Amino acid sequence: MRDVRMRGFDERVDVEQVDALLSKAARPLAAESVELGECVGRVLVADVTAGVSVPGFPRAAMDGYAVRGEDSFGASEYAALRLGLLGVSLPGRPFEGQVGPGQAVRIMTGAPLPAGADAVIKAEVCRERDGGVELLEPVAPRKNVGAIGEDIREGEVVLRRGRRLRPQDAGLLASIGRARVDCVRRPRVQLVITGDELLPPGACPDGVRIVDSNSSVLSALVRRDGGELLPFEIVPDRPERIREALLGEAADVLLVSGGSSVGEEDHAPRLLAELGTVDFHGVTMRPSSPAGGGRIGDRLVFLLPGNPVSCLCAYEFFAGPTLRALGGRSRAWPHRRTHAPLARKLSSEVGRTDYVRVELTPDGVVPIATSGASILSSTVRATGAVIVPRELEGLAAGAEVEVLLYDDEPPGELDP
């Protein structure tokens, strides 16, 4: 490839072209067996069929008395019917005998229904007295009884292939006796954070050295998108050190932060070309125009600009969808969305995709005034982002726009 350092890009590719390229390149990884406690957020690779019915026995749906429904007919508050009380049935400790005509068993919610009984009359309309129980209203057969298979039937497909598992799905798997489930393997991600000027997170800025923030942002985004983050360290701007980091074989995806542009110390694109292939470098977008990507063997490599907002933007457009696809998830952006009118004009440029940080105000959507690619605080002040397609020359005040919200839920404050 042409060395763009200190020369600039001859041409750039459009966001849509890169997206199409990555859509073809990223296919779900192989399956692995996952313990039940670790399966939430993972994607199933095969249908799950229940090998048992749940419940596997008729059970009480409320606290009361197990009876033969016909024995309660005619009971009322003014003409109570008296039944003999045989014992009690508790969850995990059933009554072992049989309920015959004129008999009842005290029963708790979830306990097995004794043989011979076919209904449960609620405790509120009964009263125990002198070794028996008086019924103050009737109950129909099968009333207040959970039937065998009421929840899940043996042989039923309970979860479909391709489903991203939720907490309640894990509970359902537990209820049918599954200890493990086959899911798409999580993509392993290696961060390559480059820069002689960088101090590790947790340090304080010192003179001309700044604290690396990109690794903190990228680590959280990787976790959000289902990736498994490998240990990493900051790599100095030395070609041999960057080359060594790029050659690590443990990862499925490499995220290189910094060194992707046209500066004298921007070594990553040239090294990627030497070690593998550069599939794109330079994109018609703002920010993140120096973003790039390619492959080293089977590993996908993303060149993310060092400026924090550019790094975030390039990840969201290119690396994030790829990680989600490798893990079997949808490539779609995972943000909540809302629509609102622009409070003022939003300027852009035909032929360039713009990622614009915005605030939602009572007057509408307001672009953040400070929009530099190095101003990370602008993303903290922002409610979200508006993407302006490259075919538009901005958007007029009053135009309805879609806002990709940064928060999973409305922001709130702790009570004092």
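The values are calculated or read from the model by the stated rules, or taken from the named source; none is laboratory data. The shown structure was predicted, so the numbers you read here are calculated from the model rather than taken from an experiment. Cβ sites come from the backbone with ideal geometry, for glycine too, and all protein chains shown count toward neighbours.
Descriptive notes on the structure:
- Residues located in the range 128-178, provided they are surrounded by 13 or more Cβ atoms within 10 Å (Cβ to Cβ), over 42 Å from the mean Cα position of the chain (by Cα) and not in a loop (DSSP other than H, G, I, E, B): Glu128, Gly132, Val133, Glu134, Leu135
- Matching residues, the range 11-67, being assigned to a helix (DSSP H, G or I) and within 30 Å of Leu392 (Cβ to Cβ): Val15, Glu16, Gln17, Val18, Asp19, Ala20, Leu21, Leu22, Ser23, Lys24, Ala25
- Residues of the range 146-171 classified as in contact with a strand residue (DSSP E or B) (Cβ under 6 Å, 6 or more places away or on another chain) and of a type in the set (A, V, I, L, M), total: 4
- Close Cβ contacts (under 6 Å, 6 or more residues apart or on different chains) running from residues in the range 215-240 that are among the hydrophobic types (A, V, I, L, M, F, W, C) to residues that are part of a helix (DSSP H, G or I) comprise Val217/Leu312; Leu221/Tyr315; Leu229/Ser219; Leu229/Val222; Val235/Arg241; Val235/Ile242; Val235/Ala245.
- Residues of the range 358-373 that are touching a helix residue (DSSP H, G or I) at 6+ places or on another chain (Cβ under 8 Å) and part of a loop (DSSP other than H, G, I, E, B): Ile368, Thr370, Ser371, Gly372, Ala373.
- As for the range 82-100, it holds no residue that is touching a helix residue (DSSP H, G or I) at 6+ places or on another chain (Cβ under 7 Å) and surrounded by fewer than 21 Cβ atoms within 10 Å (Cβ to Cβ).
- Unique residue being within 22 Å of Val18 (Cβ to Cβ), aliphatic (A, V, I, L, M) and over 29 Å from the mean Cα position of the chain (by Cα) when the list is Val350, Val309: Val350
- Among the residues of this structure, Ser219 counts as one that is surrounded by fewer than 22 Cβ atoms within 10 Å (Cβ to Cβ), polar (S, T, N, Q) and within 31 Å of the chain's Cα centre (by Cα).
One line per residue, one yes/no per condition, for (1) at pLDDT 95 or above; (2) in contact with a Phe, Trp or Tyr (Cβ under 7 Å, 6 or more places away or on another chain); (3) aliphatic (A, V, I, L, M); (4) not in a strand (DSSP E or B):
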{"site": "Asp266", "(1), (2), (3), (4)": "no, no, no, yes"}
{"site": "Pro269", "(1), (2), (3), (4)": "no, no, no, yes"}
{"site": "Gly294", "(1), (2), (3), (4)": "yes, no, no, no"}
{"site": "Leu300", "(1), (2), (3), (4)": "yes, no, yes, no"}
{"site": "Gly306", "(1), (2), (3), (4)": "no, no, no, yes"}
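- Extreme residue, farthest from Asp169 (Cα to Cα), among residues of the range 17-27 that are surrounded by fewer than 18 Cβ atoms within 10 Å (Cβ to Cβ) and touching a residue at least 40 places away in the same chain (Cβ under 8 Å): Gln17
Let's see how each residue does on (1) assigned to a loop (DSSP other than H, G, I, E, B); (2) exposed (fewer than 15 other Cβ atoms within 10 Å of the Cβ); (3) without any contact (Cβ under 8 Å) to a residue 12 or more places away in the chain; (4) among the β-branched types (Val, Ile, Thr):
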site: Cys311; (1), (2), (3), (4): no, no, no, no
site: Thr322; (1), (2), (3), (4): no, no, no, yes
site: Arg344; (1), (2), (3), (4): yes, yes, no, no
site: Glu349; (1), (2), (3), (4): yes, yes, no, no
site: Thr379; (1), (2), (3), (4): no, no, no, yes
site: Ile387; (1), (2), (3), (4): no, no, no, yes
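- Selection status of Asp63, buried (at least 16 other Cβ atoms within 10 Å of the Cβ) and charged (D, E, K, R): yes
- Residue identified as within 30 Å of Pro236 (Cβ to Cβ) and either at pLDDT 95 or above or hydrophobic (A, V, I, L, M, F, W, C) (or both) among Ile152, Ile121, Ile193: Ile193
- Test: residue in the range 193-211 that is closer than 23 Å to Ser374 by Cα, surrounded by fewer than 19 Cβ atoms within 10 Å (Cβ to Cβ) and in contact (Cβ under 8 Å) with a residue 40 or more places away in the chain: yes
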